[in-house]
Amino acid sequence: MNILIADDDSISRSILRRVLRKNGFCVTEALDGKDAWLALQQPDAPRLVILDWLMPEMDGLEVLRRIRALRSDRPPYIIMLTSKGEKADVIAGLAAGADDYLAKPFDIGELFARLQVGRRMIEMQDVLISKADELRHTQADLQVLTAHLQTVREEERTSLARELHDSFGPRLTALQMDLMWLDRQLRSTQPPDLTECLDRVVAMVPMVECITEQTQSLCASLRPHVLFELGLAAAIEWQTDDLAKRTGLNCSLSLPAGEFELHEDIALPLFRIVQEALTNVTRHARATRVDVCLNLINLQLELEIRDNGCGFAPNSTTRVKALGLLGIRERVGSLGGTVEFSNAPNMGAVVKVTVPMPCDAEQTRTGN
């Protein structure tokens, strides 16, 4: 660790230099307060400082005040070194911003004890700063994801409204007109033309069938019926079959041999993860094959989606704009699991999700 010794006493400075270098420290020296102030303003300035109180040009207290006024997010840990050991002087040094105090002549054991405290404080500070940075990045990701989800929600509503208007509207209007015609025929004082009435009814049947199919398709897209009726494995099989039919991709599927049940709160996020990963494959991977594997290993669910496409671009898995991958990461996090995005050697991309297996789901397993 790099340490700065700021002391105008060459003998004291020489003793400290030898002792510290002997114990693995990288030592930088300042001959007076002005040199210390200049050294501590550098981007790579030492984080651990032994600062003498009385020095020419600028005393230690002034150096302290200036350094603390900089408001750096990684301030140095400063130990005041002086022959002035009165209580009032100690208080003055601490009030000016010193982290610790060491009186001359100092004991080597005491010096290293105080340096050890300083080292630990710096390490703790770095950990806290790192965690704070992670938290800020996570908050930024969540804000972007929330905005994206709101946009997707509005787009889905617009798409649903357009589908209902364009597909259902004309057919329902036609059915309404035919029913009104039949109503007039049946209410007429004249006998109705049964052949024409039958033709109208026969023509209505395919429209009703089409509306039924479209309704089922919309319901499946909004809430996958197969997932809640047959379970996660069946839903994944249905999704890969549908993908193969729509895109021509060669889809390989590997599922657990035994039966198992998952609560909707777990099964639905996992199913959406599969959907998002497969969507990424069709949009970006330029792949001809995708393999989906679901395993139960050591009380954990392991889900892997692997393709033979172009793989993830550099840094794409950490970019805020990679909203699909961000959505996968957040869903996995909500389940207490982990996710890895990687590129397979000489192949494409791999998404590997590991989620703790719930105890109740484990108890329902059979045949494995």
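The values are calculated or read from the model by the stated rules, or taken from the named source; none is laboratory data. None of the values given here were measured: they were computed from a predicted structure. Heads up, the Cβs are rebuilt from the backbone with ideal geometry, glycines too, and the neighbour counts pull from every protein chain shown. Surface areas here come from the heavy atoms of the whole protein model, side chains and all, with no ligands, DNA or RNA. Shrake-Rupley method; radii C 1.70, N 1.55, O 1.52, S 1.80 Å.
So how many residues does the range 13-30 have that are open to solvent by 10 Å² or more (accessible area, probe 1.4 Å) and either in contact (Cβ under 8 Å) with a residue 24 or more places away in the chain or polar (S, T, N, Q) (or both)?
Summing the residues that are open to solvent by 10 Å² or more (accessible area, probe 1.4 Å) and either in contact (Cβ under 8 Å) with a residue 24 or more places away in the chain or polar (S, T, N, Q) (or both) in the range 13-30 gives 8.
Does any residue in the range 306-329 that is under 16 Å from Arg272 (Cα atoms) come within less than 7 Å, Cβ to Cβ, of a residue that is assigned to a helix (DSSP H, G or I) and at pLDDT 85 or above six or more places away or on a different chain, and which pairs are these?
Cβ pairs passing all conditions: Gly324/Glu276; Gly324/Thr279; Gly324/Asn280; Gly327/Glu276; Ile328/Ile273; Ile328/Glu276; Ile328/Ala277.
If you take the residues of the range 150-199 that are of a type in the set (Asp, Glu) and over 30 Å from Gly327 (Cα atoms), which of them is surrounded by the most Cβ atoms within 10 Å (Cβ to Cβ)?
In the first step, residues of the range 150-199 are kept if they are of a type in the set (Asp, Glu); the result is 154-156, 163, 166, 178, 183, 193, 196, 199.
Still in the list and also over 30 Å from Gly327 (Cα atoms): 166, 178, 183, 193, 196, 199.
Working: Asp166: 9, Asp178: 16, Asp183: 10, Asp193: 11, Glu196: 12, Asp199: 11.
Only one residue tops the list, namely Asp178.
Between a first residue in the range 188-209 that is in contact (Cβ under 8 Å) with a residue 40 or more places away in the chain and under 20 Å from Pro170 (Cβ atoms) and a second residue that is of a type outside the set (Lys, Arg) and in a loop (DSSP other than H, G, I, E, B), which pairs have beta carbons less than 7 Å apart while being 6 or more apart in sequence or on different chains?
That search, which allows pairs on different chains as well, returns nothing.
What tally of residues in the range 41-68 results from selecting those that are under 20 Å from Val117 (Cβ atoms) and out of contact with any strand residue (DSSP E or B) (no Cβ under 8 Å at 6 or more places or on another chain)?
1
Quick check on the range 267-295: of everything there that is more than 21 Å from Val226 (Cα to Cα) and open to solvent by less than 40 Å² (accessible area, probe 1.4 Å), which residue is nearest to the chain's Cα centre (by Cα)?
This residue is Asn280.
Filter the range 313-324 down to residues that are touching a helix residue (DSSP H, G or I) at 6+ places or on another chain (Cβ under 8 Å) and either modelled with pLDDT of 65 or more or assigned to a strand (DSSP E or B) (or both) and give me whichever is farthest from Val355 (Cα to Cα).
By that ranking, first place goes to Leu323.
Answer with yes or no whether Glu340 is open to solvent by 50 Å² or more (accessible area, probe 1.4 Å), out of contact with any Cys (no Cβ under 8 Å at 6 or more places or on another chain) and modelled with pLDDT under 85.
The answer is no for Glu340.
If Ala6 satisfies every condition in (1) open to solvent by less than 20 Å² (accessible area, probe 1.4 Å); (2) without any contact (Cβ under 8 Å) to a residue 40 or more places away in the chain; (3) not polar (S, T, N, Q) but one, which is the exception?
Among (1) open to solvent by less than 20 Å² (accessible area, probe 1.4 Å); (2) without any contact (Cβ under 8 Å) to a residue 40 or more places away in the chain; (3) not polar (S, T, N, Q), Ala6 violates only (2).
Being among the hydrophobic types (A, V, I, L, M, F, W, C), under 24 Å from the mean Cα position of the chain (by Cα), at pLDDT below 90 and not in a loop (DSSP other than H, G, I, E, B), is that true of even one residue in the range 243-257?
The answer is no, given that none of the residues of the range 243-257 is among the hydrophobic types (A, V, I, L, M, F, W, C), under 24 Å from the mean Cα position of the chain (by Cα), at pLDDT below 90 and not in a loop (DSSP other than H, G, I, E, B).
Taking the criterion of being more than 25 Å from Leu164 (Cβ to Cβ), of a type in the set (A, V, I, L, M, F, W, C) and modelled with pLDDT of 90 or more, would at least one residue in the range 183-192 satisfy it?
No, the range 183-192 has no match at all.
Would you list the strands (runs of 3 or more DSSP E) that sit entirely within the range 40-115 and hold 2 or more residues that are in contact (Cβ under 8 Å) with a residue 12 or more places away in the chain, buried (at least 20 other Cβ atoms within 10 Å of the Cβ) and within 48 Å of the chain's Cα centre (by Cα)? Please lay out each step first, then the result.
Numbers: elements: 48-52, 77-82, 100-103.
So the answer is 48-52, 77-82.
Restricting to the range 218-227, what's the tally of residues that are modelled with pLDDT under 80, surrounded by 14 or more Cβ atoms within 10 Å (Cβ to Cβ) and within 22 Å of Leu255 (Cβ to Cβ)?
Here is the first cut: in the range 218-227, the ones modelled with pLDDT under 80 are 218-226.
Applying the additional criterion that residues be surrounded by 14 or more Cβ atoms within 10 Å (Cβ to Cβ) yields 218, 220, 224, 226.
Subsequent filtering for residues that are within 22 Å of Leu255 (Cβ to Cβ) retains 220, 224, 226.
Total meeting the criteria: 3.
For the range 205-214, state whether one or more residues are closer than 28 Å to Gly337 by Cβ and either of a type in the set (S, T, N, Q) or buried (at least 18 other Cβ atoms within 10 Å of the Cβ) (or both). Break it down stepwise before answering.
The initial filter retains those residues of the range 205-214 that are closer than 28 Å to Gly337 by Cβ, namely none.
So far as the range 205-214 goes, no, none of its residues is closer than 28 Å to Gly337 by Cβ and either of a type in the set (S, T, N, Q) or buried (at least 18 other Cβ atoms within 10 Å of the Cβ) (or both).
Kindly indicate which of Asp133, Asp141, Asp178, Asp166 is part of a helix (DSSP H, G or I) and over 39 Å from the mean Cα position of the chain (by Cα).
Just one listed residue meets the conditions, Asp178.
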